[in-house]
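Undergrad: This is the structure I have questions about; it appears just below.
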Amino acid sequence: MHTNILLAAGALALALGLAAPARAQLTVAGGILTVSPTAEITVTGNVAIMAAGTLDNQGTLRLTGDLGNAGTIGTGAGLWQLNGSVLQTIASSGAGSLATLEVANAVGAVLGTPLNAGVLDLSGGSLRLAGFDFALAGALSNASSTRFVVTDGAGQLRRPVGTTAVDFPVGPAGSSYRPVSLSRSSGTATYAAGVGAGALSAGNSGAPLTTDAVAMRWNVAPPDAVPFTLRVEWQAADELPGFLRSQSALGRWNGAAYALVEPYSAASNLGPYSRTLAGLTLAGTYIVGDQQAPLPVELTRFEARRPANQPRAELRWATASEKNNLGFEVQRQDEGQTTFRRVGFVAGQGTASAPHEYAFSDPNDFQGLSYYRLKQVDQDGTATFSPVRSVAGLPAGAPFTLSVYPNPAHATATIEASGPVPAGLQLQLYSADGRLVWAATWEKPRATTLLPVDGLAEGVYWLRYHSDEGRSGTLKIQVQP
């Protein structure tokens with residue numbers, strides 16, 4: 001037979017007669033325990049609500065141990081105060097929610113399951129989610145840089161958001177307060193937000209980024225498509241090597257790549273630093289990167305190499321898909337230089353969901369290291385940069401030669417140089433009977449030049465070359481219609 005227990009007015013401390021150092025425990029094994037609105041209970045130990053039990057707290061219940069609910073938490077609007085001296089665990093696999101949860105414990109509290117509460121008061125310490133969601137229906141008070149909601153793992157803080165900015169006082173660890181604020185353009189709805197340590201290469205997975213970004217990732221889950229405003233915050237210590245705070249932007253992981261959601265600009269404030277962006281609609285993992293950070297276009301490969309002893313660099317890259325992609329500016333910086341310069345441009349595919357391959361050849365007879373990167377330009381002028389690739393220098397003393405392909409030639413052939421091209425290289429094409437039919441000067445630093453054979457009669461021709469320093473040679477070319 002279950003019994004309803006009503007605690008009358010007054011204050012009552014329960015130690016349950018357990019001898020020290022054992023911890024007292026209040027267990028509601030069955031029936032209903034009601035704490036009246038003017039009553040106070042202090043439990044120097046754990047509170048456990050078993051599957052058949054109900055605890056309806058209409059007053060104040062203080063405990064120094066853990067709180068576990070496998071039964072029912074009643075609808076009472078009472079205070080549940082955690083005031084222990086060691087980390088306290090809250091787990092609720094049963095029904096009901098806590099009306100007001102106060103973490104008065106300076107060491108803090110940790111969730112053992114997802115939890116719902118009406119009000120959260122962080123008067124003494126932090127609430128660690130440990131991978132579980134915490135849904136808060138009402139106010140959150142006394143949060144600070146030392147007392148906040150720790151969103152370690154996949155757990156997020158959920159709370160209603162309206163047209164006025166709502167703070168999510170979160171951080172990835174007990175010493176890392178990195179708050180988020182959210183507002184929406186109309187109405188009120190519940191949002192989820194959290195922050196994790198490290199900007200990872202694939203949203204919430206993959207290898208950590210090591211340069212040109214803030215080492216934080218903010219996870220935001222809106223309930224609908226109503227535009228919202230997001231503000232994120234970080235400290236200087238979170239910035240990875242090479243990060244340019246003055247040229248930073250928010251990017252969102254779209255399942256395959258980080259896509260920019262705003263133009264690059266300077267971060268706000270003097271520390272902690274922040275970025276604020278309105279008009280967002282999509283859930284996802286957001287990071288802050290700079291113009292050196294990985295491309296928003298889904299770049300699946302980028303490689304650069306020098307063919308053996310060739311005065312050129314060959315660049316190849318591929319995309320899985322593209323959106324509003326005007327194209328790629330190829331940039332180069334040689335060893336000893338401090339800035340990149342444009343060496344070419346390759347048009348993009350605009351918007352395409354199919355993979356695409358790109359290639360670019362850069363004349364390069366530099367004998368030191370050369371560095372290449374891609375500047376991907378959107379149709380609205382927004383730009384971002386690929387990772388940098390290095391190319392070995394042309395070996396000193398590499399022999400200079402010329403070759404022609406295709407041979408036999410039709411309409412147009414290509415003359416290709418190997419090794420350093422000598423200064424003042426002159427080219428002359430002679431017919432078999434000794435007539436000069438074409439002449440040109442090699443334009444450095446090109447590694448190839450076109451040989452027009454369109455209109456020449458079929459037969460054998462001789463390409464002769466010589467330079468100011470005395471390099472010379474002759475190549476036999478067969479011209480076919």
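The values are calculated or read from the model by the stated rules, or taken from the named source; none is laboratory data. Owing to the predicted nature of the structure, the values given are computational and were not obtained by experimental measurement. Quick reminder, even Gly has a Cβ in these numbers, built from the backbone with ideal geometry, and neighbours come from all protein chains shown.
Undergrad: Which residue is surrounded by the fewest Cβ atoms within 10 Å (Cβ to Cβ), if the candidates are limited to segment 177-200 and must be in a strand (DSSP E or B), of a type in the set (Ser, Thr, Tyr) and in contact (Cβ under 8 Å) with a residue 40 or more places away in the chain?
TA: Here the answer is Thr190.
Undergrad: So, one more: Is it the case that Thr211 is closer than 24 Å to Arg128 by Cα, surrounded by fewer than 17 Cβ atoms within 10 Å (Cβ to Cβ) and in contact (Cβ under 8 Å) with a residue 24 or more places away in the chain?
TA: The answer is no for Thr211.
Every residue, every condition in (1) out of contact with any strand residue (DSSP E or B) (no Cβ under 8 Å at 6 or more places or on another chain); (2) in a loop (DSSP other than H, G, I, E, B); (3) touching a residue at least 40 places away in the same chain (Cβ under 8 Å), yes or no:
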{"residue": "Leu230", "(1), (2), (3)": "no, no, yes"}
{"residue": "Leu250", "(1), (2), (3)": "no, no, no"}
{"residue": "Glu262", "(1), (2), (3)": "no, yes, no"}
{"residue": "Leu282", "(1), (2), (3)": "no, yes, yes"}
{"residue": "Thr285", "(1), (2), (3)": "no, no, yes"}
{"residue": "Arg301", "(1), (2), (3)": "no, no, no"}
{"residue": "Gln310", "(1), (2), (3)": "no, yes, yes"}
{"residue": "Leu315", "(1), (2), (3)": "no, no, yes"}
{"residue": "Leu326", "(1), (2), (3)": "no, no, yes"}
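Undergrad: If you don't mind, another one. Give segment 362-392 a look and list any residue that's surrounded by fewer than 16 Cβ atoms within 10 Å (Cβ to Cβ) and either small (Gly, Ala, Ser) or touching a helix residue (DSSP H, G or I) at 6+ places or on another chain (Cβ under 6 Å) (or both), or say none.
TA: Gly368, Gly381, Ser390, Ala392
Undergrad: Still on this model: Any residue in segment 135-142 that is touching a strand residue (DSSP E or B) at 6+ places or on another chain (Cβ under 9 Å), touching a residue at least 60 places away in the same chain (Cβ under 8 Å) and within 22 Å of Asp224 (Cα to Cα)?
TA: No, segment 135-142 has no match at all.
Undergrad: Inspect segment 440-461 for any residue being surrounded by 12 or more Cβ atoms within 10 Å (Cβ to Cβ), over 45 Å from the mean Cα position of the chain (by Cα) and among the small types (Gly, Ala, Ser) and give the result as yes or no.
TA: Yes: segment 440-461 contains one or more residues that are surrounded by 12 or more Cβ atoms within 10 Å (Cβ to Cβ), over 45 Å from the mean Cα position of the chain (by Cα) and among the small types (Gly, Ala, Ser).
Condition check ((1) under 30 Å from Thr401 (Cα atoms); (2) modelled with pLDDT under 80; (3) buried (at least 19 other Cβ atoms within 10 Å of the Cβ)) across all residues:
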{"site": "Ala267", "(1), (2), (3)": "no, no, yes"}
{"site": "Gln291", "(1), (2), (3)": "no, yes, no"}
{"site": "Glu303", "(1), (2), (3)": "yes, no, no"}
{"site": "Ala308", "(1), (2), (3)": "yes, no, no"}
{"site": "Asn325", "(1), (2), (3)": "no, no, yes"}
{"site": "Phe328", "(1), (2), (3)": "no, no, yes"}
{"site": "Gln331", "(1), (2), (3)": "yes, no, yes"}
{"site": "Glu335", "(1), (2), (3)": "yes, no, no"}
{"site": "Thr339", "(1), (2), (3)": "no, yes, no"}
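Undergrad: For segment 126-135, which positions are surrounded by 21 or more Cβ atoms within 10 Å (Cβ to Cβ) and among the small types (Gly, Ala, Ser)?
TA: Result: Ser126, single match.
Undergrad: Please go through segment 453-463 and pick out each residue that is assigned to a strand (DSSP E or B) and modelled with pLDDT of 90 or more.
TA: Gly459, Val460, Tyr461, Leu463 - these are the residues of segment 453-463 that are assigned to a strand (DSSP E or B) and modelled with pLDDT of 90 or more.
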